[in-house]
């Protein structure tokens with residue numbers, strides 16, 4: 001039996017060997033058992049949001065429910081996540097330092113000094129820069145630095161930046177901190193208009209049922225409602241086949257049994273990859289033992305298995321969100 005393996009914007013005929021990635025998915029999903037514990041990829045526990053605002057400060061609720069006061073118009077900002085760096089510059093801000101890495105860094109920030117990785121920032125380097133604000137991801141490696149920042153009277157905030165709703169909230173906060181709310185409101189309004197155009201052009205009945213799979217060279221999991229791609233599905237009236245009751249606070253992915261997936265019988269399978277697809281094929285050769293259950297899935301039989309482009313679905317599309325949504329709409333509903 002031949003399948004069509006769709007990757008990014010191109011279609012390719014393939015053989016069983018090229019379908020190793022599907023085998024990897026089923027191996028890990030099947031091998032992990034039914035409704036196993038979730039992965040360590042955390043999502044928002046509390047919705048981070050503005051509590052109150054004065055002329056000079058904003059009280060912001062952090063993901064864990066705590067609140068912090070942030071001063072407006074900060075001059076010396078260190079940003080420890082590239083996705084947040086992009087939002088800060090979109091809101092009209094400037095930074096004095098960033099985390100290491102070159103992928104998706106704003107052009108204006110490429111030459112900034114770096115202060116370690118997003119997962120292992122160098123606190124000595126940060127303190128030496130004398131920042132008045134540090135922005136970071138909601139990671140344990142940052143939280144252990146918070147007492148040191150407090151001792152040095154440095155303001156900070158950390159974020160769960162998972163999906164489009166987070167983009168709207170965080171960008172609006174950054175705009176308020178940079179006295180640029182009017183301009184950013186226009187940007188968000190324009191994005192909303194573009195989203196409505198995409199929905200009007202593509203969305204129709206019947207809405208497809210979709211299985212979202214996230215894979216690295218070492219693990220495979222299913223995405224829950226609240227993940228970036230799942231939120232896009234809901235905006236396009238499609239359904240994530242993993243039921244809401246399995247969505248747990250603070251998690252965006254879980255392991256799920258093959259038996260249950262067969263019962264749910266998705267119309268489409270979408271794959272988000274972190275790492276090289278070829279690495280997953282190698283893992284198949286090493287660890288996959290033959291299992292034919294996956295071949296009975298209607299999505300596989302009808303050649304509706306797609307690998308999503310990383311620039312839209314692994315990384316944050318930010319202001320290119322309408323383009324990402326249109327890409328997904330074409331996968332779900334076909335060309336308009």
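The values are calculated or read from the model by the stated rules, or taken from the named source; none is laboratory data. Quick caveat, the model's predicted, so the values are computed rather than measured. Here Cβ is always computed from backbone atoms with ideal geometry, including for glycine, and neighbour counts include all displayed protein chains.
With the requirement that a residue be at pLDDT 90 or above and over 16 Å from residue 260 (Cβ atoms), what does segment 204-226 give you? Within segment 204-226, just 208 meets the criteria.
Applying the criterion of being at pLDDT 95 or above and buried (at least 18 other Cβ atoms within 10 Å of the Cβ) to the residues of segment 97-108, the residue that is farthest from residue 183 (Cα to Cα) is 99.
Considering segment 189-240, the residues that are more than 20 Å from the chain's Cα centre (by Cα) and over 16 Å from residue 331 (Cβ atoms) include one that is surrounded by the most Cβ atoms within 10 Å (Cβ to Cβ), namely 194.
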